[in-house]
Amino acid sequence: MENMIMGFIFLPMLLMQCFMAALAMSQPNLTTDQYALLQFKAYVTSDSLNIMSSNWSSSATSICNWVGVSCGAFHSRVTALDLPNMNLTGSLPPHLGNLSFLVSINLSGNSFNGHLPPELGKLQCLRFMHLSSNFLNGSIPDEIWLLSKLEIFRLGSNQLTGTISTNIGNLTKLRRIYIGDTKIGGEIPKEIGNLHNLERLVVGNASLSSLIPPNIFNISSLRWIYLYKNNLFGTLPIDLCYHLPNLEVLYLYENKLNGSIPSSISRCKKLQWLGLDTNRFTGYIPRSIGNLSKLTGIYLYDNDFEGKIPKEVGNLHNLEIFSAGNAGLSGLIPPNIFNISSLRNISLYINNLSGTLPVDMCYHLPNLEHLDLGENQLNDSIPSSIGRCKKLRSSTPLKPSITAEL
């Protein structure tokens, strides 16, 4: 959950800007805010926790004391509407657009349905929009893509459709965008490359179908790239990691990407999780992958690689998961892989790996829980040291007739 305290460090300055903007318009007041909130309450069809029925009343306390409502210290205008996970059902009224000083709205984890009202685009002070995990549908209104102060944009886990507007490039203060687990499709607009403050791009499990604009990989502030489970195609740029010094997670799995993994991936020095599985990648696994000392998980399964597992993988002393089954690999399994004491999962099934397993295979694998080497060309014998893998819970035998005594 987003830490809202840090988000309000510069709130007084922002609210002064919003105050001046409000003066330039129609100067709505606290009564306007109250009416907007009462309309919001009227659009709520189920409030099983009695949050509103017991507290939101025009004849009771000030709206600034209503549950989930925060007001500014200087002008007592509503600055935050914070009602996540409250078992609320209903739809969002256009009147929310009249909360002209609103900085944050968080209605995530409820059961709101219907379309997003275009009037939300009037909230020119808005910095945080959290509407994820509801049942909202329809497309994202064009007006919302013009909220120039927006920093956190969460609309994931809804039933939204449509496309990502090219106007997203105007949201230059955007740091985090979560619109995955939706039905949003079309292309990834190249204008995302204009978002030089972007830290997290999360549009996984959607319906995107396009190339990945190469300028996305030039956003040096990026820490997370989640574009998994779409219909993305094309190749990764040769200079993939030249401008991604802060990247921690690269999840591109379950797409239609092809070509080879660029050797420049070694420049993503902070990379911890690499998910490229279930694509159409070919070529060799680059030896430079062994320079990614912070890697915790590598997922390369269900691809069309060739050649050996590079012995440099054995340099990854923080690696916990190495999953490269059904990936077209051949040759010996580098023995130093079995010296990575942090490993919990080794999955190398359905390849053309050969040779024998080292006698001391489990001497240095105290954390290994899962081992799958099935359907390869490995020697049948299982080292007696298998008994030292005390945490091993599941293993797939080398051949159907061979089982390990755990």
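The values are calculated or read from the model by the stated rules, or taken from the named source; none is laboratory data. Computed from a predicted structure; not experimentally measured. Glycine also receives a Cβ, built like all others from the backbone with ideal geometry; neighbour counts cover every protein chain displayed. Side chains included, ligands, DNA and RNA excluded: accessible areas come from the protein's heavy atoms. Shrake-Rupley method; radii C 1.70, N 1.55, O 1.52, S 1.80 Å.
For the range 127-207, what is the percent of antiparallel DSSP beta bridges, rounded to the nearest 5?
Working: 0 of 13 bridges.
Beta bridges within the range 127-207, antiparallel portion: roughly 0 percent.
Excluding Val67 itself, what net charge comes from residues whose Cβ is under 15 Å from its Cβ, given Lys and Arg +1 and Asp and Glu -1? Don't jump to the answer; show the numbers that get you there.
Values: positive: Lys41; negative: Asp47, Asp82.
Around Val67, the charge tally is -1.
Straight-line reach from Lys173: which aspartates and glutamates have a Cα under 14 Å away, not including same-chain ones fewer than 8 places off?
Glu151, Glu191, Glu199
In the neighborhood of Asn303, defined by Cβ-to-Cβ distances under 13 Å, what is the net charge if each Lys or Arg adds +1 and each Asp or Glu adds -1?
Values: positive: Lys256, Arg280; negative: Glu254, Asp277, Asp302, Asp304, Glu306.
Here the charged neighbours net out to -3.
At 1.4 Å probe size, with the rest of the protein present, what percent of the exposed accessible area of the range 95-206 is carbon and sulfur atoms?
Values: 1540 of 3550 Å².
With neighbouring chains kept in place, the figure for the range 95-206 is 43 percent.
List the lysines whose alpha-carbon lies under 30 Å from that of Lys41, not counting same-chain residues fewer than 8 positions away?
Lys122, Lys149, Lys183
For the range 194-318, what does the relative contact order come out to in percent, with C-alpha contacts under 8 Å and a separation of six or more?
Details: 330 pairs, mean separation 23.6, N = 125.
Computed value for the range 194-318: 19 percent relative contact order.
Could you calculate the contour length gain from Asn379 to Asn87, that is, 0.36 nm times the residue separation minus the distance between their Cα atoms, to one decimal place in nm?
Numbers: separation 292, 0.36 × 292 = 105.12 nm, distance 5.73 nm.
Result: 99.4 nm gained on full extension.
Would you mind checking the tilt of helix 11-24 against the longest principal axis of the Cα atoms of the chain, expressed as 0 to 90 degrees and rounded to 10?
Approximately 50 degrees, to the nearest 10.
Tell me the relative contact order for the range 119-239 as a rounded percent, counting alpha carbon contacts under 8 Å between residues six or more apart.
On the way: 304 pairs, mean separation 23.4, N = 121.
Averaging sequence separation for qualifying contacts and normalising by length gives 19 percent for the range 119-239.
Can you tell me the orientation of helix 30-43 relative to the chain, as the angle in degrees between its alpha-carbon axis and the longest Cα principal axis, to the nearest 10?
Long axis of 30-43 versus the principal axis of the chain: about 60 degrees.
What is the sum of charges, Lys and Arg at +1 and Asp and Glu at -1, for the other residues whose Cβ falls under 11 Å from the Cβ of Lys294? Spell out each step's value before the answer.
Working: positive: Lys269, Lys270; negative: Glu248.
Net charge in that neighbourhood comes out at +1.
Keeping to pairs on different chains or 8 or more places apart, tell me how many lysine pairs in the range 190-344 have Cα atoms under 18 Å apart.
On the way: Lys229/Lys256; Lys269/Lys294; Lys270/Lys294; Lys294/Lys311.
Lysine pairs meeting the criterion: 4.
Taking amide H positions as placed 1.01 Å from N in the peptide plane, with prolines and chain starts having none, which residues 5 or more places from Thr235, or on another chain, fall under 5 Å of its amide H?
The answer is Asn258.
Just for the chain, what percent of DSSP beta bridges are antiparallel, to the closest 5? Walk me through the numbers on the way to the answer.
Numbers: 6 of 66 bridges.
DSSP beta bridges in the chain are roughly 10 percent antiparallel.
Per residue, how large is the accessible surface of the range 190-321? Use a 1.4 angstrom probe and give square angstrom. Kindly include the intermediate steps, with their values, before the conclusion.
On the way: 5330 Å² over 132 residues.
For the range 190-321, the per-residue accessible area is 40 Å².
When only C-alpha pairs under 8 Å and at least 6 residues apart count, what is the relative contact order of the chain, in percent? Before the final figure, lay out each step's value.
On the way: 1097 pairs, mean separation 24.8, N = 406.
Value for the chain: 6 percent.
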